[in-house]
1. Taking interchain pairs and intrachain pairs at least six residues apart, which have beta carbon atoms under 9 angstrom, with the first residue in the stretch 25-38 and at negative phi and the second near the ligand (Cβ under 6 Å from one of its atoms) and part of a strand (DSSP E or B)?
2. Which numbered condition in (1) free of Cβ contacts under 8 Å to residues at least 60 places away in the same chain; (2) under 24 Å from Leu181 (Cβ atoms) is the only one that Ala42 fails?
3. Which of the residues that make up the stretch 21-63 are out of contact with any strand residue (DSSP E or B) (no Cβ under 6 Å at 6 or more places or on another chain) and farther than 19 Å from Glu98 by Cβ?
4. Restricting the search to the stretch 126-143, which residues are within 14 Å of the ligand (Cβ to nearest atom) and farther than 24 Å from Glu98 by Cα?
5. Would you be able to say whether some residue in the stretch 122-132 is touching a helix residue (DSSP H, G or I) at 6+ places or on another chain (Cβ under 8 Å), in contact (Cβ under 8 Å) with a residue 60 or more places away in the chain and part of a helix (DSSP H, G or I)?
6. May I ask you to list the residues in the stretch 75-98 that are more than 17 Å from Ser167 (Cα to Cα) and at pLDDT below 95?
7. All but one of (1) under 17 Å from Gly133 (Cβ atoms); (2) without any contact (Cβ under 8 Å) to a residue 60 or more places away in the chain hold for Leu146; state the number of the condition that does not hold.
Amino acid sequence: MKKIIIAIDGYSATGKSTLAKGLARKLGYIYVDSGAMYRAVAYYAMKNHLIKEGRILVDELLKALTKLDIQFVFNPETYSSETYLNGENIERIIRTPEVSDVVSKISSIKEVRRFLVEKQREYGKNKGIVMDGRDIGTNVFPDAELKLFVITDLDVRVKRRLDELHSKGIYATEDEVKKNLLERDYLDIHRKENPLVQAKDAIVLDTTDLDRDQQLEYVLKLIQDLKLLENHSVQ
Ligand code: DC
């Protein structure tokens, strides 16, 4: 069967990663959470005191980039892949509000993006991959066979992000989460380098009223209807 690249973009907390994981599992594909890679760099900068009074020491961070070994390791207990930085499991810590607060700034640094985009393309070189993020369909894999742009009402996004944080044992208030999501939306849309925009050939998926099974079912049907896994696909 033909292997394809599935690029999933959209605002944060729209359910992209849940959908991407579900698709990867169903299709036997690799799943790459590109946001976790930006979060890993943000965490590294925090841990190594490369952020002083809210200012990122960009030159020092760029010098350190090649020292960052970011890996995704499958955990059979949780049945999902977890993010590691230089051998340390950082899956939980990179989701904390502290990291969320600085990650947009980190992801707007051109050189950080170039460094991570190169790695992301490397993951996709044999296809058979689902990647979610902000610029996957527009920049990382502009030729992806399937591009989805996921949207969801803000209140539903806040609730989903709160549930996700609580399930990881991280405490945050509704107001904090809403404020952080809105700030990140703004920065994602307005950054100079590869901002969040819908690719012209992306299919919009509104997940407001769809639970995770319905989203998955919808996309699997789409893949089938578009004959994307057949050797001579009609798109
Ligand atoms: O998907 P997420 O919320 O974990 O992403 C974390 C941050 O990284 C988010 O603020 C936007 C940024 N990001 C990006 O700029 N490009 C991507 N491909 C993925 C994430």
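The values are calculated or read from the model by the stated rules, or taken from the named source; none is laboratory data. Just so you know, these numbers come straight off a predicted model, no measurement behind them. No Cβ is skipped: glycine too gets one built from the backbone with ideal geometry, and neighbour counts run over all protein chains shown.
1. Every condition considered, the pairs that remain are Val32/Gly133; Asp33/Gly133; Ser34/Gly133; Gly35/Gly133; Met37/Gly133; Tyr38/Gly133.
2. (1)
3. Across the stretch 21-63, the qualifying residues are Gly22, Arg25, Lys26, Leu27, Gly28, Val58, Asp59, Glu60, Leu62, Lys63.
4. In the first step, residues of the stretch 126-143 are kept if they are within 14 Å of the ligand (Cβ to nearest atom); the result is 129-142.
Residues satisfying the conditions are Ile129, Val130, Met131, Ile136, Gly137, Thr138, Asn139, Val140, Phe141, Pro142.
5. Filtering the stretch 122-132 down to residues touching a helix residue (DSSP H, G or I) at 6+ places or on another chain (Cβ under 8 Å) leaves 124, 128-132.
Then drop every residue that is not in contact (Cβ under 8 Å) with a residue 60 or more places away in the chain, which leaves 124, 128-132.
Narrowing the set further to residues that are part of a helix (DSSP H, G or I) leaves none.
Within the stretch 122-132 (the criterion being touching a helix residue (DSSP H, G or I) at 6+ places or on another chain (Cβ under 8 Å), in contact (Cβ under 8 Å) with a residue 60 or more places away in the chain and part of a helix (DSSP H, G or I)), the answer is no, since none of the residues qualifies.
6. Within the stretch 75-98, Pro76, Glu98 meet the criteria.
7. Status for Leu146: all satisfied but (2).
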